[in-house]
Amino acid sequence: MLMLITTVKMWAEIALMVLAAQALLALLVPQLLARNPVYQLLQWLIAPLLAPVRRLLPEAPEPRLRWLLAAALALLWLLATGLKLRHCLSVGVALCQ
């Protein structure tokens, strides 16, 4: 159980970091995003997560989709963190190392 919770938490953290890196690049070099290979790699990494959000809200603009995805991932991370804490407190902190 702990492995599953930790895996979900880790994937949420990675996706949130990718979204944060994209936002930072968009702030630093907004005019060069189309040619930036790092930004393109980050877009490729986050595309599978954006696809279901895009299907749910087809008319929403792209920045709004990213904010909604970030909010959903943050909620998932909080849920996984709470479950991990609950699990570790129930089995003992020594077993969660």
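The values are calculated or read from the model by the stated rules, or taken from the named source; none is laboratory data. Everything numeric here is computed off the predicted structure, so don't read it as measured data. Cβ sites come from the backbone with ideal geometry, for glycine too, and all protein chains shown count toward neighbours. Each accessible area value is taken on the protein alone, full model and side chains, heavy atoms only, with ligands, DNA and RNA left out. Shrake-Rupley method; radii C 1.70, N 1.55, O 1.52, S 1.80 Å.
Counting only complete DSSP H runs, which helices of the chain cover 27 Å or more along their long axis at the Cα atoms and score a mean Kyte-Doolittle of 1.6 or above?
Membrane-span-like by this criterion, though nothing is claimed about a membrane: 2-28.
Using a simple spin-label model with points 7 Å from Cα along the Cα→Cβ vector, what separation in nm is obtained for GLU59 and ALA74?
In this crude spin-label approximation the distance works out to 2.7 nm.
Starting from the Cα-Cα distance between CYS88 and ASN36, subtract it from 0.36 nm times their residue separation and give me the gain in nm to one decimal. Mind dumping the intermediate values first?
Working: separation 52, 0.36 × 52 = 18.72 nm, distance 4.26 nm.
Between CYS88 and ASN36, full extension yields 14.5 nm more.
Roughly what percent of Cα-Cα pairs across segment 5-52 reach past 12 Å?
In whole percent, the long-distance tail amounts to 64.
Tell me the per residue accessible area of the chain using a 1.4 Å probe; a whole number in Å² is fine.
For the chain, the per-residue accessible area is 73 Å².
What whole-number value in cubic angstrom gives the convex hull volume per residue for the C-alpha atoms of the chain?
Convex hull volume per residue, Cα atoms: 113 Å³.
In debye to the nearest 20, how big a dipole does the chain give about its Cα centre with +1 on each Lys and Arg Cβ and -1 on each Asp and Glu Cβ?
The calculated dipole for the chain is roughly 80 debye.
Would you work out the relative contact order for segment 15-80, in percent, from Cα pairs under 8 angstrom that are 6 or more residues apart?
The normalised contact order for segment 15-80 reaches 36 percent.
Per DSSP H run of at least 4 residues, take -39500 (n - 2.57); add these up for the chain, divide by its residues and hand me the 222 nm value, nearest 500 deg cm²/dmol.
Values: 3 runs with 77 residues, N = 97.
Computed ellipticity for the chain at 222 nm equals -28000 deg cm²/dmol.
So for segment 51-97, what percent of the C-alpha to C-alpha distances run longer than 18 Å?
50 percent
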